[in-house]
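Each remark here refers to the structure printed beneath this line.
The values are calculated or read from the model by the stated rules, or taken from the named source; none is laboratory data. Because the structure is predicted, anything quoted here is derived from the model rather than measured. No Cβ is skipped: glycine too gets one built from the backbone with ideal geometry, and neighbour counts run over all protein chains shown.
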Amino acid sequence: MAADDSTKPAPIVSSEPKGMPAIPYLDEKGASQRLDASKHKLTILHFWATWCGPCVVELPELDKVAAAYKDKGLEVVPLALDGGNMQKIRDFYAAHHITHLSANYDESNTALRAVKAKGLPFTVFINSKGQEIARAKGWIEWDTKASKDFLAKALK
(Lines give C-alpha, C1' and ligand atoms only; values in the text may rest on other atoms or scores of the structure.)
Protein backbone atom coordinates (compact mmCIF):
# COMPACT_ATOMS: atom_id res chain seq x y z
CA MET A 1 0.00 0.00 0.00
CA ALA A 2 1.58 3.24 -1.11
CA ALA A 3 1.32 6.52 0.72
CA ASP A 4 -0.25 9.40 -1.16
CA ASP A 5 2.71 11.67 -1.96
CA SER A 6 0.49 14.55 -2.95
CA THR A 7 1.51 17.94 -1.65
CA LYS A 8 -2.08 19.12 -2.01
CA PRO A 9 -4.81 18.13 0.43
CA ALA A 10 -7.49 15.74 -0.77
CA PRO A 11 -11.03 17.02 -1.13
CA ILE A 12 -13.83 15.37 0.79
CA VAL A 13 -15.97 13.97 -2.01
CA SER A 14 -19.61 13.52 -1.04
CA SER A 15 -21.79 10.86 -2.61
CA GLU A 16 -25.31 9.57 -2.41
CA PRO A 17 -25.56 7.39 0.72
CA LYS A 18 -24.57 3.84 -0.12
CA GLY A 19 -24.28 0.63 1.84
CA MET A 20 -21.04 -0.23 3.58
CA PRO A 21 -19.48 -3.68 3.80
CA ALA A 22 -18.72 -5.16 7.22
CA ILE A 23 -15.56 -3.54 8.56
CA PRO A 24 -13.58 -5.85 10.84
CA TYR A 25 -10.58 -4.61 12.79
CA LEU A 26 -8.57 -5.29 15.91
CA ASP A 27 -8.63 -2.99 18.92
CA GLU A 28 -5.77 -2.01 21.20
CA LYS A 29 -5.97 -5.33 23.04
CA GLY A 30 -6.03 -7.38 19.84
CA ALA A 31 -9.73 -8.20 20.20
CA SER A 32 -11.81 -8.50 17.03
CA GLN A 33 -14.26 -5.66 16.48
CA ARG A 34 -16.77 -4.66 13.80
CA LEU A 35 -17.48 -1.07 12.94
CA ASP A 36 -20.85 0.05 14.31
CA ALA A 37 -21.76 3.50 13.04
CA SER A 38 -25.32 3.41 14.41
CA LYS A 39 -24.37 4.98 17.74
CA HIS A 40 -23.08 8.22 16.20
CA LYS A 41 -24.33 10.86 13.80
CA LEU A 42 -21.10 10.57 11.84
CA THR A 43 -18.28 8.03 11.93
CA ILE A 44 -14.93 8.77 10.33
CA LEU A 45 -13.10 5.60 9.33
CA HIS A 46 -9.50 6.63 8.76
CA PHE A 47 -6.77 4.39 7.34
CA TRP A 48 -3.20 5.41 8.11
CA ALA A 49 0.29 4.08 8.92
CA THR A 50 3.25 5.25 10.98
CA TRP A 51 5.47 5.00 7.86
CA CYS A 52 3.17 7.20 5.73
CA GLY A 53 4.48 10.79 5.59
CA PRO A 54 1.11 12.51 4.99
CA CYS A 55 -0.46 10.33 7.71
CA VAL A 56 2.14 11.46 10.25
CA VAL A 57 1.13 15.07 9.62
CA GLU A 58 -2.61 14.44 9.43
CA LEU A 59 -3.27 12.15 12.41
CA PRO A 60 -2.56 14.78 15.12
CA GLU A 61 -4.99 17.10 13.31
CA LEU A 62 -7.61 14.35 13.23
CA ASP A 63 -7.08 13.92 16.97
CA LYS A 64 -8.06 17.59 17.40
CA VAL A 65 -11.17 17.02 15.26
CA ALA A 66 -12.14 14.04 17.43
CA ALA A 67 -11.82 16.19 20.56
CA ALA A 68 -13.70 19.16 19.11
CA TYR A 69 -16.66 17.18 17.76
CA LYS A 70 -17.02 14.25 20.16
CA ASP A 71 -19.95 15.88 21.99
CA LYS A 72 -21.66 16.61 18.68
CA GLY A 73 -22.04 12.96 17.67
CA LEU A 74 -18.72 12.26 15.94
CA GLU A 75 -16.79 9.01 16.31
CA VAL A 76 -13.36 8.62 14.73
CA VAL A 77 -12.10 5.09 14.11
CA PRO A 78 -8.47 5.15 12.99
CA LEU A 79 -7.16 1.90 11.54
CA ALA A 80 -3.39 1.60 11.38
CA LEU A 81 -1.77 -0.52 8.70
CA ASP A 82 1.39 -1.35 10.61
CA GLY A 83 1.08 -5.12 10.51
CA GLY A 84 -0.50 -5.36 13.94
CA ASN A 85 2.44 -3.74 15.71
CA MET A 86 0.46 -2.16 18.54
CA GLN A 87 3.58 -0.97 20.37
CA LYS A 88 4.60 1.03 17.30
CA ILE A 89 1.14 2.61 17.23
CA ARG A 90 1.24 3.41 20.97
CA ASP A 91 4.70 4.95 20.59
CA PHE A 92 3.46 7.06 17.68
CA TYR A 93 0.46 8.27 19.70
CA ALA A 94 2.70 9.17 22.65
CA ALA A 95 5.27 10.98 20.48
CA HIS A 96 2.54 13.01 18.74
CA HIS A 97 0.43 13.63 21.86
CA ILE A 98 -2.61 11.85 20.42
CA THR A 99 -5.10 11.42 23.23
CA HIS A 100 -8.58 11.45 21.67
CA LEU A 101 -8.23 8.61 19.18
CA SER A 102 -8.49 4.91 19.90
CA ALA A 103 -5.62 2.68 18.82
CA ASN A 104 -6.86 0.11 16.30
CA TYR A 105 -5.36 -1.75 13.41
CA ASP A 106 -6.24 -3.59 10.24
CA GLU A 107 -3.73 -6.40 10.54
CA SER A 108 -4.36 -8.10 7.20
CA ASN A 109 -5.77 -5.09 5.28
CA THR A 110 -9.23 -6.70 5.26
CA ALA A 111 -11.04 -3.45 6.08
CA LEU A 112 -8.91 -1.51 3.61
CA ARG A 113 -9.83 -3.92 0.81
CA ALA A 114 -13.51 -3.89 1.85
CA VAL A 115 -13.76 -0.14 1.18
CA LYS A 116 -11.63 -0.44 -1.98
CA ALA A 117 -9.11 2.09 -0.72
CA LYS A 118 -6.16 2.98 -2.86
CA GLY A 119 -3.24 4.65 -1.11
CA LEU A 120 -2.85 6.22 2.31
CA PRO A 121 -4.19 8.09 4.06
CA PHE A 122 -7.73 7.17 3.12
CA THR A 123 -10.90 8.32 4.89
CA VAL A 124 -14.51 7.14 4.68
CA PHE A 125 -17.39 9.09 6.24
CA ILE A 126 -20.32 6.98 7.45
CA ASN A 127 -23.75 8.17 8.63
CA SER A 128 -25.75 6.71 11.52
CA LYS A 129 -27.51 4.32 9.12
CA GLY A 130 -24.16 2.73 8.31
CA GLN A 131 -24.03 4.27 4.83
CA GLU A 132 -20.99 5.82 3.23
CA ILE A 133 -21.71 9.49 2.49
CA ALA A 134 -18.24 10.68 1.45
CA ARG A 135 -14.58 9.70 1.15
CA ALA A 136 -11.18 11.29 0.69
CA LYS A 137 -8.17 9.75 -1.03
CA GLY A 138 -5.15 11.43 0.54
CA TRP A 139 -4.64 13.74 3.48
CA ILE A 140 -7.36 16.14 4.56
CA GLU A 141 -6.78 19.68 5.69
CA TRP A 142 -9.13 19.50 8.68
CA ASP A 143 -8.90 23.13 9.73
CA THR A 144 -10.38 24.61 6.54
CA LYS A 145 -13.80 26.15 6.08
CA ALA A 146 -14.73 23.41 3.60
CA SER A 147 -13.87 20.62 6.06
CA LYS A 148 -15.62 22.35 8.95
CA ASP A 149 -18.70 23.01 6.80
CA PHE A 150 -18.79 19.35 5.73
CA LEU A 151 -18.59 18.16 9.35
CA ALA A 152 -21.25 20.63 10.51
CA LYS A 153 -23.64 19.50 7.77
CA ALA A 154 -22.99 15.79 8.36
CA LEU A 155 -23.50 16.17 12.12
CA LYS A 156 -26.92 17.86 11.86
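Only one entry in A22, A37, A10 is touching a strand residue (DSSP E or B) at 6+ places or on another chain (Cβ under 7 Å) and closer than 18 Å to R113 by Cα, namely A22. For D4, the conditions (1) modelled with pLDDT under 95; (2) on the phi > 0 side of the Ramachandran plot; (3) under 16 Å from the mean Cα position of the chain (by Cα) all hold with the exception of (2).
Give the number of residues within segment 98-131 that are of a type in the set (G, A, S), under 26 Å from K156 (Cα atoms) and in contact with a Lys or Arg (Cβ under 7 Å, 6 or more places away or on another chain). If you could, list the steps in order and put the result at the bottom.
From segment 98-131, those of a type in the set (G, A, S) are 102-103, 108, 111, 114, 117, 119, 128, 130; that's our starting set.
Narrowing the set further to residues that are under 26 Å from K156 (Cα atoms) leaves 102, 128, 130.
Of the ones still in play, those that are also in contact with a Lys or Arg (Cβ under 7 Å, 6 or more places away or on another chain) are 128.
Of the residues in that region, 1 qualify.
May I ask you to verify whether S14 is at pLDDT below 95 and under 16 Å from L155 (Cα atoms)? Judged against the criteria, S14 is a match. Can you find a residue in segment 136-144 that is farther than 15 Å from H46 by Cα, among the polar types (S, T, N, Q), over 15 Å from the mean Cα position of the chain (by Cα) and at pLDDT 95 or above? Within segment 136-144, one or more residues are farther than 15 Å from H46 by Cα, among the polar types (S, T, N, Q), over 15 Å from the mean Cα position of the chain (by Cα) and at pLDDT 95 or above.
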